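Where a number appears in this text, it was derived from the coordinates with a stated rule and is not lab data. Every value quoted in this text rests on a predicted model; they were computed, and no experiment measured them. Counting neighbours? That spans all protein chains shown, and the Cβs are built from the backbone with ideal geometry, glycine included.
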């Protein structure tokens, strides 16, 4: 694996950490959904909502005690600032409302009735049905557009990111017990668009960098994804921060309806930013690395890296060799001089004549026979005749 350059964060290299974090959060969200469930408002369940204002210091337990006298001890009670309470009970008739209000004035310090609303469950069911249909069409549109503009694998990664954000947002609502209202549904639909926007920004940079990847490149697809995330990281963070500023302001200073809308947006922006950087892009990288083309790129880069990491022999110059060997030779000579025995004197003699080399016996015999033939009696007679 190639190490990131200085100043870069290795997002893809630590993908298993991000996957583990997302898995834990999703698991907690799913457990909360099945155990605690969602706190649906009267718009979804139907019933009567009574908004009241009591004296300072009145607790939820005291208000619930009064409602228990009318067998509504399991009613939903939400406390707001300034001694305000929101009571949600099954649908009440006129006489039951008057009795509850009278009991609250006598025993719970009721000061003012801010409003009484009767809501049927049909409207909430209709809103939920239309929201589900809208989510389905949104997912289909995302798959078509992203597949046409980029590629099908990027579209699937974007859908995984959207589902991830939806589960976490709904799970947090179940975990904290916050009321689900029509404003919450609208906020959740808004989250989908924001999550997709962040992912598209990163995918566009990945596609642009991946188009420049050739067989001569020294990078893998994972390196391309990691570089792309680092290149748009500042943009993504700054966009998220500027979006969160007004949302936090609404959470702190807005009314109950605006807070219900802002809370879902707050969760969606945080989750969308996280998932686009730490989830969708690493999933895309792992998926694309399985393709033969990019697998071949990776093998080539790894071979080149392994070759460059091999230790190479260093060729010494004559000067370096002499400087390294000369001290060893000097030390050896000094040791040899210490251990050498004293020299023996040799008597000088005058050089004498060189002895003649002895001839072989066969050659001498041949010379003797030749002389005897030339010096015999026949040779003398021949000389006399010539005279």
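Tabulated data for the structure shown
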{"read-out": "By average C-beta atoms within 10 angstrom, highest first, the peptides 248-254, 51-57", "value": "51-57, 248-254"}
{"read-out": "Over region 29-155, equivalent-ellipsoid semi-axes from the Cα gyration tensor in Å", "value": "42, 16, 13"}
{"read-out": "Compactness relative to 2.2 N^0.38 Å, alpha carbon Rg of region 96-177", "value": "1.92"}
{"read-out": "Average projected area [Cα convex hull, region 48-119], square nanometres", "value": "4.1"}
{"read-out": "Per residue convex hull volume, Cα atoms of region 163-236, in Å³", "value": "107"}
{"read-out": "Shape call, region 97-255: gyration tensor on alpha carbons, a/c limit 1.5", "value": "prolate"}
{"read-out": "Over 13 Å [Cα-Cα, region 259-303], rounded percent", "value": "66"}
{"read-out": "Most to least packed among 171-177, 278-284, 145-151 [average Cβ atoms within 10 Å]", "value": "278-284, 171-177, 145-151"}
{"read-out": "Cα shape, region 129-179, gyration tensor, a/c 1.5 rule", "value": "oblate"}
